[in-house]
Amino acid sequence: MTHYLISFPGSAMQIAEEDFPTVVEESHAAVAAAREAGVLVFAGGLDEASLLVRVAADGSEQLGAYPQTGSLAGGFTVIDVPTREDAVAWAARIAAACRCDQELRVFADGSAT
């Protein structure tokens, strides 16, 4: 099996305020389906209001992200599936629920725990 990251930036979700409860319900249902199918590793969104720091090897902290990173926000789902086609199918299901395209990336070998 291979781990895949399905993600989207928070700014990609351009939905009407009245549709938000439905999108939340449907996105939670998509993640629940992945859990029930036994392919979910992790799902969640970053707290965009939390303090972002970089931590050095000595434990010191510096405010902010790497300059080249820019903003990293939005939702993330990690799945463990046998084929890329399976990953695309789950990404499509999440895209439909969230009403926005999803980015799909595969983790490098050695990521499995």
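The values are calculated or read from the model by the stated rules, or taken from the named source; none is laboratory data. None of these values were measured; they are calculated from a predicted model. For neighbour counting, all protein chains shown are included, and Cβ atoms are generated from backbone atoms with ideal geometry for every residue, glycine included.
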> For residues in region 39-60 being of a type outside the set (A, V, I, L, M, F, W, C) and loosely packed, with under 10 Cβ neighbours inside 10 Å, which is farthest from the chain's Cα centre (by Cα)?
Replying inline: Asp58
>> Against the definition (more than 19 Å from Arg105 (Cα to Cα) and surrounded by 12 or more Cβ atoms within 10 Å (Cβ to Cβ)), how does Thr77 come out, yes or no?
In response: no
>> Considering only residues that are of a type in the set (Gly, Ala, Ser), at pLDDT below 95 and either touching a Gly at 6+ places or on another chain (Cβ under 6 Å) or in a loop (DSSP other than H, G, I, E, B) (or both), which ones fall in region 9-53?
In response: Gly10, Ala16, Gly45, Ala49, Ser50
> Name the pairs: first residue in region 92-106 and under 13 Å from His28 (Cβ atoms), second residue assigned to a strand (DSSP E or B) and among the hydrophobic types (A, V, I, L, M, F, W, C), Cβ to Cβ under 6 Å, at least 6 apart or on different chains?
Replying inline: Ile94/Ile6
>> Give me the residue from region 1-32 that is in contact (Cβ under 8 Å) with a residue 24 or more places away in the chain, of a type in the set (Gly, Ala, Ser) and in contact with a Leu (Cβ under 9 Å, 6 or more places away or on another chain) and, out of that set, nearest to Phe76 (Cα to Cα).
In response: Ser7
>> Quick check on my filter: what residues within region 1-23 are in contact with an Asp or Glu (Cβ under 8 Å, 6 or more places away or on another chain) and β-branched (Val, Ile, Thr)?
In response: Thr2, Ile6
> Which condition number in (1) closer than 22 Å to Tyr4 by Cβ; (2) charged (D, E, K, R); (3) assigned to a loop (DSSP other than H, G, I, E, B) is the one that Asp58 fails?
Replying inline: (1)
> In region 79-99, which residues are in a strand (DSSP E or B) and either within 19 Å of Met13 (Cα to Cα) or over 15 Å from the mean Cα position of the chain (by Cα) (or both)?
Replying inline: Val81
